[in-house]
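Okay, structure first, notes after.
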């Protein structure tokens, strides 16, 4: 599936005849639910938008590309295409514990016996959580 980020004139000239294959991207939520997405960003796409959505939309699309959710293709005025590949495959990002990911929670090896529980309470002055010492 190809989503197109371009101005009105470019969309009408290049993509409108096959609009069923080339969906015009107007907000990042338009990408929800699709797999294997390629976003084509035409040079001068922001000319028809006269507000602050342009910078925000491009930042969102580029962020999705960095994490490998979508592929980006930049098209210059002369028609030259530049493909952008994510720096790290998404599977590697999800499989690693780097970059702020939380390690899997530790599981308790066993339940405490009554004697272990009482010993724990005694070592913490009768308060297992430590909240009583405040």
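Miscellaneous remarks
- Filter result for the condition that a residue is touching a helix residue (DSSP H, G or I) at 6+ places or on another chain (Cβ under 9 Å) and either in a loop (DSSP other than H, G, I, E, B) or over 17 Å from residue 74 (Cα atoms) (or both), over 26, 46, 12: 26
- The single residue among 106, 116 that is in a loop (DSSP other than H, G, I, E, B), exposed (fewer than 12 other Cβ atoms within 10 Å of the Cβ) and at pLDDT below 85 turns out to be 106.
- All positions within the stretch 80-90 that are farther than 17 Å from residue 61 by Cβ and at pLDDT 80 or above: 80
- Residue check, residue 75 touching a strand residue (DSSP E or B) at 6+ places or on another chain (Cβ under 6 Å) and over 12 Å from residue 3 (Cβ atoms): yes
- Those residues of the stretch 30-52 which are over 14 Å from residue 11 (Cα atoms) and at pLDDT 80 or above, in sequence order: 30, 31, 32, 33, 34, 35, 36, 37, 38
- Members of the stretch 20-54 found to be over 19 Å from residue 67 (Cβ atoms) and loosely packed, with under 12 Cβ neighbours inside 10 Å, listed by number: 20, 21, 50, 51, 52
- In the stretch 59-71, the residues that are part of a helix (DSSP H, G or I) and either in contact (Cβ under 8 Å) with a residue 40 or more places away in the chain or in contact with a helix residue (DSSP H, G or I) (Cβ under 8 Å, 6 or more places away or on another chain) (or both): 60, 61, 64
- Filter pass, residue 74 being assigned to a loop (DSSP other than H, G, I, E, B), at negative phi and either at pLDDT 85 or above or surrounded by fewer than 14 Cβ atoms within 10 Å (Cβ to Cβ) (or both): no
The values are calculated or read from the model by the stated rules, or taken from the named source; none is laboratory data. Given the structure is predicted, the values throughout are model-derived calculations rather than measurements. Heads up, the Cβs are rebuilt from the backbone with ideal geometry, glycines too, and the neighbour counts pull from every protein chain shown.
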